[in-house]
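Read the structure below first, then the notes.
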Amino acid sequence: MDGDINATAPGTTPPDSDPARKRRVHGMLKLYYGLNEEGKTVDQAESMDPCDINGPHFDPEVYLNKLRRECSLGELMDQETCMVKQIRSLDSDMQTLVYENYNKFISATDTIRKMKNDFKKMEDEMDCLSTNMASITDFSARISGTLQDQHAQITKLSGVHTLLRKLQFLFELPARLNKCLELQAYAQAVSSHRRARCVLQQYSHMPSFRGIQDDCHAIMDKLAQELRQKFRDGGSSAKDLSECVELLLQLDEPAEELCDKFLSHAQSRLEADLLGLEAETDILEFIDRGCNEFVSSLCLVIASYQELFVNRPQEGELASKNIPQMAIGKLHAFVDALATRYFSLVERRIQEEKSVGDNSLLVRALDRFHRRLQAVAKLLPGSAVPSQGTEIVVRAARERIKQYLAALQSFYLNSLTDVRQALAAPRLATGKDAPASLPELLSTLSASILNQIKSVLASVHLFTAKDITFSNKPYFKGEFCSHGVRESLVVNFIMFVCQSSRQFCESAGDRGGSTPPALLLLLSRLCLDYETSTITYILTLTDEQFLVQHHSPVTAVTALCGEAREAAQKLLNHYVKVQGLIISQMLRKSVETRDWVNTIEPRNVRAVMKRVVEDTTSIDVQVGLLYEEGVRKAHSSDSSKRTFSVYSSSRQQTRYAPSYTPSAPMDTNLLSNIHKLFSERVEIFSPVEFNKVSVLTGIIKISLKTFLECVRLRTFGRYGLQQIQVDCHYLQMYLWRFVSDENLVHFLLDEIVGSTAHRCLDPAPMEQSVIEVICERG
Amino acid sequence: MEDDAPVIYGLEFQARALTSQTAESDAIRFLVGTQSLKFDNQIHIIDFDDENNIISKSVLQHQAGEIWHISASPADKAVLTTCYNKTSESRVVTCGAVWRMPPEWESGSHESPDDPHNSHNPQNLELLCHLDNSSHGNASCVLWEPMGDGKHVISLADNHALLWDLTESSTQATISSSATLEGKGQLKFTAGKWSPHHNCTQLATANDTAIRGWDLRTMSQIYCIENAHGQLVRDLDFNPNKQYYLASCGDDCKVKFWDVRNINEPVKTLEEHSHWVWSVRFNHSHDQLVLTGSSDSRVILSNMVSISSEPFGHLVDDDDLSDGEDNHQDEKTKEPLQDSIISTYEEHEDSVYAVEWSSADPWLFASLSYDGRLVINRVPRALKYHILL
């Protein structure tokens, strides 16, 4: 369609024959209808075909020829009608367009004409306006010129006004100050005075100002006086006080003096706090009160002091005086002095805290104490106060450990007393039932000690709890655990147990029997148990609980075990000694008190021997409760039926006979015989092993040796010898079963009978069969 | 340099009483009293020839009874006292008596060891006087005044201490004063010692577990160490060179050294024996040497340097010691300031009831066990030189 218009345009609108002009109009039209050069080129590119009726290169001749060649008549006819139809519609379209365009041209022409007229009118009005503006400017300039003088006058007047107001202020100042003084509005007074001071100073050569200045001075002096008075009164709070100081400082009071006064005032109040503290009884309340009253007041004092003297912006001549340095020095001295007094109070109070029942109270108190001191540390860096506080805590902890050790020790001793009573009491009541409770007593004792240790460890452990502020101090991490708890407390306690056990051996040894033998036995077993397991357990427990890192050398478990074993051995030896002594004493008395020369023919085993056997049996039972059986040499089948050779000693004597030969070496054969006879030298008070047989052997050895020595000191008649024979046979019958080597009993009893025979005036031994009858009857 | 082997002498009877002949300062001579209920008892005079290591003996008959204690006069070699048991009418009484040895024993009856027959015909002791104390009970021991003129003896009888004056060449004995131990029960002196210090005015006695000191001028007690030993106190001896020092031993197997000015604690305690200690003796010249005998059949020689009168710090020359190096007993003597056991002598097979230093040779001592065996020993040579040089 575009192509049609373009093609037909030159024909229908030929107003401009100039192709360039035509071209421009064409372009404008194209613009109007929204076409562009590109569209055209696109068209050009697309339809070079001359047969395309809508293309720009359409050639009617070619097209006609083509139609004629290609189409039949019918088709041509159709083509023709179709073409005619199209041409018609195109024609009508074109007519419409032309008409429209024409209308538009006409209206445009009208508009342009109207505009021309309007512009002309506007130009006239603009001219008028500019003339008016020029006249306005002229007027305005004239007005401002006239007003200039008056403005300057007003400015001057207002300046005078302010000056007058200032003057008025100055004149009113004394009155105002007085009023302030009356109302105690010191701050206002001071600030007012400060404002006026410079001026007054400057104009002091003028009498009127001088008067004012003097008045002000008088008033301010009074004010300062009053402030100082308030200072001295000491009734006011720290805040009031600090305000006071601030004002005084502004009044050019000497800072040093003020510092001193401030501090001395604070001191009097803090001392009152301290005095109040002394009455407090409960440790937690004491610390609380100390913290809340003293420490917080101290903090407040420090804070306000620093606010006043140290952290003030330096201005004017104050800067040159170097107040902060002086002030801080004073503050440190002040705080140190007070803290020392406080600490001494606290320390004294802590020392009074002796009851070891509940450690948490003390730890909490110490924690609070320590925590509050951190505030001081923050306020006053570089102060020795917190470290001193920590030291107090450390000392308290040390002291505590000592107390716990003492408590443990007294607990141990008390338990021992209990055990003693338990050992003594039922014996009175129920006789032989008492020994049955030995193992129970042992387990109760060791369990209660262990429990006590555990509870003490738990108590002490509070010192290292995570939520306690001082627990992360190096002391509590290292030395407290290893040196304090492990060494001073646990190791020392174990040592104490061993040592106190040993003391039983020593103190009782000379007095004899002050310690019940059963207790010795029990303690020996306790120490042995400690050696085998308990010590290791306790130390492992401690190490685990306190994560002990051994920086310094600590007592080794083996050393403690050795100590315990030694104690156990000593106790058991002592037990043997004591029991042996008891039996020995019976035997000794029985030998010493009898007139053996004039005794009657034996009818019975003496009661003493029965007692000995009974006692030995009960000892056997007692030891058996706590110690294992132990090994013994095989018994001969007829251990109890052994006969004594009464003349063994005399035989010995005959053997000795050839050795009269003075200084001559003895017959070697004989020597070897004798050595065989004595191949086992009997060690009477030798250490025993930790078993029943060994213990019993020891006791019997001691008893029989005593018997032997006593017999040798006496002289016997015939029946005396026979009585000893009977007694020895009786002992033989019953004692062999207790010992590890029955030959030992045989040997000692042989010796006794032999020695008796030797000490006999009329050695006529009793028939063996008679002896047996008597013994069996007994 | 080997130490000489111990010399052993056997008596045919059991014996408890041993003393050195105090007045004899040349010959090494010990007196042993026997205990026999069946045969006549004897006093064996045992001479030891140090050069040749030979023992020679003389036997004197002591027919009065079995001898429990024997003591030689410090003034007269021939005079001695014994305590003996006398059995009469089924009663056993212990008596004390002063005897004189017959003058011929030394020259005449010196037997050769090969001739046992001579011993069947020994001489009798000549009785000088009885220390007649029938009113005071059984005599447990008789003590001569140390270094005295042989005119004074003390006998301990049950709970009495009797001071006797011997007159008329010791043929007359009169009680000049006496002291009695008062107390509960039957108190009995078990041992005593006359102190050689303070002009011989002090006596120490033992009864049960207590040791008491007596002033002989007033016959009153001056100190009492209660519970000196856990059990019976068996013997006492004064340090001959330190006037307040006293050694005691007893049934608790311990030997204790006391300073009688401070009786609360012993100065030193030895616990080396494994049975009762029956006898303790300071060496007369070198009081660091202490001899003890025990019923564990052992004799122990201890070197108590720390409480001796000899000054500390004898310098030890290595040369001196190197000689004794091979001697097994000497190792401990290398540390001169240490109290130590010098040696344990195990030659006895029965209880040793008496030990005694020779009065003539300070390096020689005898011990007597119940079975009648007398053993003469010497201080180890290395130690001897160590002390001397």
Given q = 0.26, 0.28 Å⁻¹, what are the Debye log10 I(q)/I(0) values for the stretch A:84-148, with equal point scatterers placed on the Cα positions and solvent ignored? -1.01, -1.05
Please calculate the 1.4 Å probe accessible area of A:Cys299, with all protein chains present, and give it to the nearest 10 Å². 20
Counting only residues 5 or more apart in sequence or on a different chain, those whose built amide H sits under 5 Å from that of B:His62 are B:Asn41, B:Gln42, B:Ile43
Computed Kirkwood radius, in angstrom, where 1/r is averaged over Cα pairs of the stretch A:340-415: 13.5
If I model a spin label as a point 7 Å beyond the Cα along the Cα-Cβ vector, how far apart are those points for A:Phe105 and A:Leu67 in nm? 3.3
Return an integer: the convex hull volume of the alpha-carbon atoms of the stretch A:63-179, in Å³ per residue. 372
Across peptide B:274-287, what mean number of C-beta atoms from other chains lies inside 10 Å of a residue's C-beta? 2
To the nearest 20 debye, the stretch B:169-298 has a Cα-centred charge dipole, built from +1 on Lys and Arg Cβ and -1 on Asp and Glu Cβ, of 260
Just the number, please: buried accessible area between B and A, total of both chains, 1.4 angstrom probe, nearest 100 square angstrom. 3800
For the pair A:Glu544 and A:Asp49, how long in nm is the line joining their label points, each one 7 Å along Cα→Cβ? 10.4
Is the stretch B:237-292 rounded, prolate or oblate when judged by the Cα gyration tensor, a ≥ b ≥ c being the square roots of its eigenvalues, rounded requiring a/c under 1.5 and prolate requiring a/b larger than b/c? oblate
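Expected output is a single nm value to one decimal: the length gained when fully extending between A:Arg165 and A:Ser769, i.e. 0.36 nm times separation in residues minus the C-alpha distance. What is it?
Gain on stretching A:Arg165 to A:Ser769: 202.7 nm.
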Give the relative contact order (percent, whole number) for chain B; include only Cα pairs under 8 Å separated by 6+ residues. 13
A:Met48 accessible area, 1.4 Å probe, all protein chains in place, Å² to nearest 10: 120
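Once you've got the Cα coordinates, tell me which of B:Lys57/B:Lys151; A:Lys589/A:Lys701; B:Lys77/B:Lys193; B:Lys57/B:Lys193; B:Lys86/B:Lys151; A:Lys454/A:Lys477 are over 22 Å apart.
In this structure, B:Lys57/B:Lys151; B:Lys57/B:Lys193; B:Lys86/B:Lys151 exceed 22 Å between Cα atoms.
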Assuming 1.306 mPa s and 10 °C, estimate D for the stretch A:683-778 with Stokes-Einstein, Rh taken as the Kirkwood radius over Cα pairs, in µm²/s. 114
Loop only by DSSP, 13 or fewer other Cβ within 10 Å of the Cβ. Give me the trypsin sites (Lys or Arg not before Pro) in the stretch A:343-410 that pass, ordered by residue number. A:Lys354
Compute the accessible area per residue over chain B, keeping the other protein chains in place, probe 1.4 Å, unit Å². 38
Using a 7 Å offset from the Cα along the Cα-to-Cβ direction at both A:Ser264 and B:Ser178, what is the distance between the two label points in nm, to one decimal? 9.2
Using just the helices of chain B, give the 222 nm mean residue ellipticity in deg cm²/dmol: DSSP H runs with n ≥ 4 each add -39,500 (n - 2.57), and the total is spread over all residues, rounded to 500. -1000 deg cm²/dmol
Length gained, A:Glu352-A:Ser135, 0.36 nm per residue minus C-alpha separation, equals 67.5 nm
Distance between Cα centroids, the stretch A:172-229 to the stretch B:1-38: provide it in whole Å. 123
So, R0 is 22 Å and r is the distance between the beta-carbons of B:Asp149 and B:Ile54; what FRET efficiency does that work out to, to 0.05? 0.05
In the P(r) worked out for the stretch A:44-99, what percent of Cα pairs fall beyond 19 Å? 44
What is the log10 of I(q)/I(0) for chain B, computed with the Debye formula using one identical point scatterer on each Cα and no solvent, at q = 0.13, 0.14 Å⁻¹? -1.08, -1.26
Taking all pairs of different Cα atoms in the stretch A:136-178, averaging 1/r and flipping that mean, what Kirkwood radius in angstroms comes out? 13.0
Segment A:Ser448-A:Lys589, extension gain: residue separation times 0.36 nm, minus the distance between their alpha carbons: 46.6 nm
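The values are calculated or read from the model by the stated rules, or taken from the named source; none is laboratory data. The structure displayed is predicted, hence computed values, not measured ones. All Cβ positions, glycine included, derive from the backbone under ideal geometry; neighbour counts span all protein chains shown. All accessible areas refer to the heavy atoms of the entire protein, side chains included, with ligands and DNA or RNA removed. Shrake-Rupley method; radii C 1.70, N 1.55, O 1.52, S 1.80 Å.
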